[in-house]
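Colleague: There's a structure below that I have some questions on.
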Amino acid sequence: MTARLARTGIRDWLFAYVGAVGVWLVTVMLAEGFGAMQTLTAGLGFAVFYVLVATGQMFVIATGPGNIDLSIPATVTLGAGVAMSVMAGSDAMIVPGLLAAIATGTLVGSFNYALIRTLRIPPIIATLSSSFIVQSTAIWYGRGLSIKPPEALQSFTFARILDVPVMTLAALVFTLAMAVVLRRTVYGRSVLAIGQNPKAARLAGVDVERTRWITYTLSAALAGFTGALFAGFSGGVSLDMGSQFLLASIAVVVIGGTSVAGGKANLPGLWGAALFLFLLVTMLNAAGVGSGVRQLLTGILIIAVITAAGGEKRGR
Amino acid sequence: MTIDWRELVRASLPALALAALLAAIFWLQPRAMSYQGLNLLLNLSIPIVFATLAQMFVLTVGDLDLGIGGFVTFVACVTVTWLAEAPLVGVLVLLAAIGLYAAVGALIELRNLPAIVVTLGMSFVWFGLAVIVLPSPGGRTSEWLIAAVRLRPPGIPLAILAAVVIGVLGHLLLMRTSFGVVLRGAGGNPRAITRAGWSMLQIRMTLYALAGLMGVMAGLTLAGITTSADANIALRYTLLSIAGAILGGSQFTGGRVSPIGAVLGALVMTLAASFLAFLRLNPDWQIGVQGAILILVLALRALLDRVAGGASR
């Protein structure tokens, strides 16, 4: 049984869903059955932000050990700021605003890649240094930026069909599309090939540099877009709105069953892990614990999940 | 033997960056070129130097510590509460915290876990504990600790003296003892070290414990300087310590680290923050300048490597 599950790769992400369901059940029990569906709906809605940034982070991590994007939080904040000022509260400017946020992310991603390529430094360092600059830009740009998001954007983030947020349905379509990209396109296959063995990939004719550039750009573009969407959801820009996405993006990827060693990607796991993280906070809130205990338990649970899911195989 | 000078330039890059930054500050504000001026400029550097050393110890074995900022915050919060009110309890808690750091190292080694994720989880643990210990900003650092960081040794400001002592001690431990060779070797070639009969478990635990010790020193000195604390006090130390260590020449692989470089890197990061004040520029760009200086140093290093690589290979 276990062997068969492992072969089909389900075991990698089942964990996250089991965790999410478990946490949800405890929350429902704590609330004595009240608001079970509302909690789930809220979770499905909020998970979208986690899934979007984590999708980018997952592609980055899948390209091999040492690949990680630390500039996501700063890019989220900057994307939100740019989108809000382009939209300027007008419904007609929503699409240009979203495009501007994506364009901002694309610039950040290309800058990240340029640093990695020209300075030959580990991606962690490259994205860390660029995040310093992006963060500064976001603070400078966003200071005093108290623009309300356009009505339509705000209502879109809360719109529902049969208790399922529309945003969630759209994001599910996006996840499906990314699954096709990952499994069926040259780009997606290149990502996994590079992650497994960059040398072999290069010898097999994979355009390694182009693939890495697309990957870092994709990650930052998604972060920028998420920022715009999140600003619509939370009613505007705040200077540290991106900070929660550093842990979230990495934790969702890893809890979702993607190996930090690279060469593997697990899209279904992202949803389970994102739901798990959100519902975990909801559960701790429902249990009435303070913010200190909540953070403490979140940290312990993340470490416990990582430990239980097991590390990488030895060797290599 | 012919490429020795390149290696020399490479190794002195952090020092050159520091010298350039100091020169610029002195040029903008000649009054900074005094005992009092340097004292003010570098006042905040002591905890950052310790935190950077902590990061460097973890980097030695090829890991990255994303939890050091939370840890320093926790230590600072304990310092202004328990350590001030019940010193014995405080000391025990801090020792237990160092023990927990070593235990995290053990967990990472035994289960072969990604250090980034575990330490990221630990950052939540430390920040959470910090909030539990000190729910609202305040507390009071013990007088002896405040007095200690306000010491005014004759001739050399405390921050510079501390940086020199820490750098030299770290250098002696890691670069000059056979034990240091083993520690660095564990980052370079763990298999060789294991074959030679050393336990990777013990090595990782030692390095993490050393990192914990440095983190405690960072928290103590930070609380001494600020005299009170809050649960966000060292939020930026995680990224700052990585930046400082990397600027100082540490690398992710091969156990290549440099304690003296890390100290210099931390000083550069501290000065970069106050540099803007001298230029009377918008403080929003503080972090940006730190990032730009980091990129500049890395670019110079890449340039040197390319020149050296072209000559020797």
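Bear in mind these aren't lab numbers, they're just calculated from the coordinates by the rules spelled out. This is a predicted model, so every value here is computed, not measured. Cβ coordinates were reconstructed from backbone atoms using ideal geometry, including for glycine residues, and neighbour counts include every protein chain displayed.
Colleague: Mind listing the phi-derived Karplus ³J(HN,Hα) values for the stretch B:25-38, rounded to whole Hz, using 6.51, -1.76 and 1.60 with θ = phi - 60°, and x for any glycine or proline?
Modeller: Per-residue couplings from phi come out as 5, 5, 5, 6, 9, x, 5, 5, 7, 9, 3, 5, x, 5 Hz.
Colleague: Moving on. Starting from the 7 Å offset along Cα-to-Cβ, what nm value, one decimal, do you get for the label separation of B:Leu169 and A:Ala152?
Modeller: Taking the two extended label points, one gets 6.4 nm.
Colleague: How much mean residue ellipticity at 222 nm does chain A get from its helices, if each DSSP H run of length 4 or more adds -39500 (n - 2.57) and you divide by all residues, to the nearest 500 deg cm²/dmol?
Modeller: Only helices count here, giving -25500 deg cm²/dmol.
Colleague: On average, how many beta carbons from a partner chain sit within 10 Å of the beta carbon of a residue in B:230-243? Walk me through the numbers on the way to the answer.
Modeller: Working: counts 0, 3, 0, 0, 0, 2, 0, 0, 2, 7, 1, 0, 5, 4.
If you average over the peptide's residues, the count of other-chain Cβ atoms is 2.
Colleague: Which of rounded, prolate or oblate describes the protein assembly as shown when judged by the alpha-carbon gyration tensor and an a/c cut-off of 1.5?
Modeller: In terms of gyration-tensor shape, rounded.
Colleague: Another question, if that's okay. Using a simple spin-label model with points 7 Å from Cα along the Cα→Cβ vector, what separation in nm is obtained for A:Ala287 and A:Lys199?
Modeller: 4.8
Colleague: For A:Arg160, list long-range residues whose amide hydrogen, built 1.01 Å from N in the peptide plane, is under 5 Å from its own amide hydrogen.
Modeller: A:Val166
Colleague: Taking each residue of B:296-303 in turn, how many C-beta atoms of other protein chains fall within 10 Å of its C-beta, and what is the average?
Modeller: Per residue, the number of nearby Cβ atoms from other chains is 3 on average.
Colleague: Something else: Per DSSP H run of n ≥ 4, the term is -39500 (n - 2.57); total these for chain B, divide by its residue number, and report the mean residue ellipticity at 222 nm rounded to 500 deg cm²/dmol.
Modeller: Calculated from helices alone, the mean residue ellipticity at 222 nm is -24500 deg cm²/dmol.
Colleague: Decide, for chain A, between rounded, prolate and oblate: order the square roots of the alpha carbon gyration tensor eigenvalues as a ≥ b ≥ c, take rounded if a/c falls under 1.5, and otherwise choose prolate if a/b is larger than b/c, else oblate.
Modeller: On the way: a/c = 1.64, a/b = 1.06, b/c = 1.54.
Oblate, since a/c reaches 1.5 and b/c is not below a/b.
Colleague: Something else: Give, as ranges by residue number, the residues of the stretch A:148-180 whose backbone N falls under 19 Å from the point 7 Å along Cα→Cβ of A:Met37.
Modeller: Under 19 Å, as judged by backbone N against the label point of A:Met37, lie A:158-169 of the stretch A:148-180.
Colleague: Could you work out, residue by residue across A:250-258, how many beta carbons of other chains sit within 10 Å of that residue's beta carbon, and then give the average as an integer?
Modeller: Mean partner shielding for this stretch: 2.
Colleague: Starting from the Cα gyration tensor of the stretch B:171-307, take the square roots of the eigenvalues, sort them a ≥ b ≥ c, and report rounded, prolate or oblate (rounded when a/c is under 1.5, otherwise prolate if a/b is larger than b/c, else oblate). Show your work: numbers first, answer last.
Modeller: Details: a/c = 2.86, a/b = 1.46, b/c = 1.96.
It comes out oblate by the Cα gyration axes.
Colleague: Something else now. So what are the ³J(HN,Hα) numbers for the stretch A:51-68, from phi and the Karplus equation (6.51, -1.76, 1.60; θ = phi - 60°), rounded to whole Hz, Gly and Pro as x?
Modeller: 5, 4, 5, 5, 4, x, 4, 5, 4, 5, 4, 5, 7, x, x, x, 8, 7
Colleague: Provide the gained length on full extension for the span B:Arg280 to B:Ala11, in nm with one decimal, where the gain is 0.36 nm per separating residue minus the Cα-Cα distance.
Modeller: Contour length minus Cα-Cα distance gives 93.6 nm.
Colleague: If you count, for each residue, the other Cβ atoms within 10 Å and average over each peptide, how do B:183-194, A:187-198 line up from highest to lowest?
Modeller: A:187-198, B:183-194
Colleague: Simple spin-label model, 7 Å along Cα-to-Cβ: A:Ala88 to B:Ile156 in nm?
Modeller: Result: 5.9 nm between the two label points.
Colleague: Follow-up. Kindly provide the chymotrypsin sites (Phe, Trp or Tyr not before Pro) of the stretch A:22-66 that DSSP labels as loop, not H, G, I, E or B, and whose Cβ sees at most 15 other Cβ atoms within 10 Å.
Modeller: Of the chymotrypsin sites (Phe, Trp or Tyr not before Pro), the ones in loops of the stretch A:22-66 whose Cβ has at most 15 other Cβ atoms within 10 Å are A:Phe34.
Colleague: How large is ³J(HN,Hα), in whole Hz, for each residue of the stretch A:182-195 in order, when computed from phi with the Karplus curve 6.51 cos²θ - 1.76 cosθ + 1.60 and θ = phi - 60°, using x for Gly and Pro?
Modeller: With the stated coefficients, the stretch A:182-195 comes to 5, 8, 10, 9, 4, 4, x, 5, 5, 4, 5, 5, 5, x Hz.
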